């Protein structure tokens with residue numbers, strides 16, 4: 001499946017504008033393909049105002065966010081690959097979203113060429129492998145139904161109801 005990050009970012013951006021908020025993005029400036037003004041990077045991240053009054057030609061595509069802006073009076077073309085987007089929030093009240101790590105789904109190519117090792121590692125993961133070192137949810141449910149008690153506390157699991 002495609003990453004949900006660019007879709008959520010576009011929706012959140014529009015929602016913030018509709019509510020008269022100023023959208024800011026937090027970017028991982030050390031991610032491959034990022035083009036941001038390095039003099040404003042702090043701790044490997046940069047916060048950018050992406051309001052329509054602050055940028056020109058904003059494009060929020062599936063692969064990257066691009067726009068033109070001035071930094072210290074100097075024009076610059078900014079490129080933020082989707083995987084480098086850490087958060088999008090409103091300056092006024094901090095309402096927004098922090099984007100977590102999205103594993104690469106089996107059968108789909110990695111979105112970032114420099115992330116081949118992590119992509120091949122993530123590609124082998126599946127939902128069933130998450131619980132491989134613990135009891136399966138079916139075993140837990142079977143034990144709970146035999147004992148007549150509620151399922152044991154711990155990691156949540158899904159239960160199939162037929």
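Annotations
- Residue 116 being outside any helix (DSSP H, G or I), exposed (fewer than 15 other Cβ atoms within 10 Å of the Cβ) and modelled with pLDDT under 50: no
Per-residue answers, yes or no, for (1) surrounded by fewer than 16 Cβ atoms within 10 Å (Cβ to Cβ); (2) out of contact with any helix residue (DSSP H, G or I) (no Cβ under 8 Å at 6 or more places or on another chain); (3) at negative phi:
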{"site": "11", "(1), (2), (3)": "yes, yes, yes"}
{"site": "18", "(1), (2), (3)": "yes, yes, yes"}
{"site": "21", "(1), (2), (3)": "no, yes, yes"}
{"site": "28", "(1), (2), (3)": "no, no, yes"}
{"site": "49", "(1), (2), (3)": "yes, yes, yes"}
{"site": "60", "(1), (2), (3)": "no, no, yes"}
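The values are calculated or read from the model by the stated rules, or taken from the named source; none is laboratory data. Model, not experiment: these values are computed from the prediction. Quick reminder, even Gly has a Cβ in these numbers, built from the backbone with ideal geometry, and neighbours come from all protein chains shown.
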